[in-house]
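Here is the structure we will look at.
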Amino acid sequence: MRPLDDIAGAARGGTLYGVGVGPGDVRYLTLRAAGIVRSVDVIGYFAKQGLQGVARRIVAPLMERGRDELRLEYPVTSELAVDDPAYRAQIGDFYHRSAGSIADHLRQGRSVALLAEGDPFFYGSFMHMWRRLQCEFPVEVVPGVTGMSGCWTRANAPITWGDDTLSILPGTLPEDALAERLARADAAVIMKVGRNLAKVKRAVAAVGLTARAIYVERGTMENERIVPLEQCRSEKGPYFSMVLIPGRGRRL
Ligand SMILES: C[S@@+](CC[C@H](N)C(=O)[O-])C[C@H]1O[C@@H](n2cnc3c(N)ncnc32)[C@H](O)[C@@H]1O
């Protein structure tokens, strides 16, 4: 039997890795993700001002002291609306500068891993770096267990049966658009619930789905909370929160 490190493989110089680190529990990293985290020259991660960064926290048990790190700190997060021109200007400039910092390391032949909570290609900030750097540098994307997969697993809720269609909806949609799409779905995952929780609850109730809905905070992380949506009294949730509506398709 080959050793796990051998199967996982190591990072190559001058390459950018988009590493999906899964939904929170470090044991849900793939072998490849763990291999890259342990061998790469520079560990990069996005973080909100004053916070450690969730993806960085997830891999903490795999990190030895003295590793070279590149912390990319958002200049703004929820203080401005995403359609505010000031938000677009500041975030656009931040991504441009972040890509420049990563490129500096890559040009010097260093390998860089940019950590992504869940999967890098699923609503991930990594995509903004991938878009800017992939023409100039070799890039490998390491898929991760998505947050929603971690959440429905921890909620013990199979999400789709038989021919069920699954709708993935951002909780940032207007209430009537959410309700209209929920009405057509067999099963649904509502992401980005956090400050949209009250609106999401109203939309789910409007189409008669509250009794089937499950609310999950920080699935697989410390302080995980899982309750039927009808028992959730909060008007706001943490950033890492979602609502699951499992399908009821063919069961044999
Ligand atoms: C910008 S998206 C990132 C998605 C991530 N790339 C993935 O693969 O799941 C952030 C949203 O994902 C959801 N999310 C991701 N992981 C979660 C978790 N462990 N528990 C609850 N919600 C989670 C939340 O709705 C959060 O607002």
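The values are calculated or read from the model by the stated rules, or taken from the named source; none is laboratory data. Quick caveat, the model's predicted, so the values are computed rather than measured. Ideal geometry is used to build each Cβ from the backbone, glycine not excepted, and the neighbour counts take in all protein chains shown. Accessible surface areas use protein heavy atoms only, side chains included; no ligands, DNA or RNA. Shrake-Rupley method; radii C 1.70, N 1.55, O 1.52, S 1.80 Å.
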Residue within the stretch 55-69 that is open to solvent by 50 Å² or more (accessible area, probe 1.4 Å) and within 16 Å of the ligand (Cβ to nearest atom) present: yes
Filter pass, Ala203 being more than 24 Å from Gly22 (Cα to Cα), out of contact with any Cys (no Cβ under 6 Å at 6 or more places or on another chain), within 16 Å of the ligand (Cβ to nearest atom) and of a type in the set (Gly, Ala, Ser): yes
Quick one: would you say Tyr123 is open to solvent by 40 Å² or more (accessible area, probe 1.4 Å) and in a helix (DSSP H, G or I)? no
Return a yes/no flag: does the stretch 81-103 have any residue that is closer than 25 Å to Val193 by Cα, of a type in the set (A, V, I, L, M), part of a loop (DSSP other than H, G, I, E, B) and out of contact with any Pro (no Cβ under 8 Å at 6 or more places or on another chain). yes
In the stretch 173-182, residues that are out of contact with any strand residue (DSSP E or B) (no Cβ under 9 Å at 6 or more places or on another chain) and open to solvent by 70 Å² or more (accessible area, probe 1.4 Å) total 3
Being touching a residue at least 24 places away in the same chain (Cβ under 8 Å) and within 16 Å of the ligand (Cβ to nearest atom) is the filter; apply it to the stretch 154-169 and report the residue that is most open to solvent (accessible area, probe 1.4 Å). Arg154
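Residue by residue through the stretch 133-152, note down the ones that are open to solvent by 60 Å² or more (accessible area, probe 1.4 Å) and either away from the ligand (no atom under 16 Å from the Cβ) or without any contact (Cβ under 8 Å) to a residue 60 or more places away in the chain (or both).
Gln134, Cys135, Glu136, Pro138
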What pairs come out if I take residues in the stretch 199-227 that are small (Gly, Ala, Ser) and pair them with residues that are away from the ligand (no atom under 16 Å from the Cβ) and open to solvent by 60 Å² or more (accessible area, probe 1.4 Å) whose C-beta lies under 6 Å away, six or more apart or interchain? Ala203/Glu175
Among (1) assigned to a loop (DSSP other than H, G, I, E, B); (2) open to solvent by less than 10 Å² (accessible area, probe 1.4 Å); (3) of a type in the set (A, V, I, L, M) - the single one Val76 does not satisfy: (2)
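Out of the residues in the stretch 206-230 that are basic (Lys, Arg) and surrounded by fewer than 22 Cβ atoms within 10 Å (Cβ to Cβ), which is nearest to the ligand (Cβ to nearest atom)?
Arg225
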Mind listing whichever residues of the stretch 1-54 are at pLDDT below 95, under 18 Å from Gly118 (Cα atoms) and either among the charged types (D, E, K, R) or touching a His at 6+ places or on another chain (Cβ under 7 Å) (or both)? Lys48
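Residues of the stretch 183-205 being β-branched (Val, Ile, Thr) and either open to solvent by 30 Å² or more (accessible area, probe 1.4 Å) or farther than 19 Å from Asp164 by Cα (or both), which ones?
Within the stretch 183-205, Val193, Val200 qualify.
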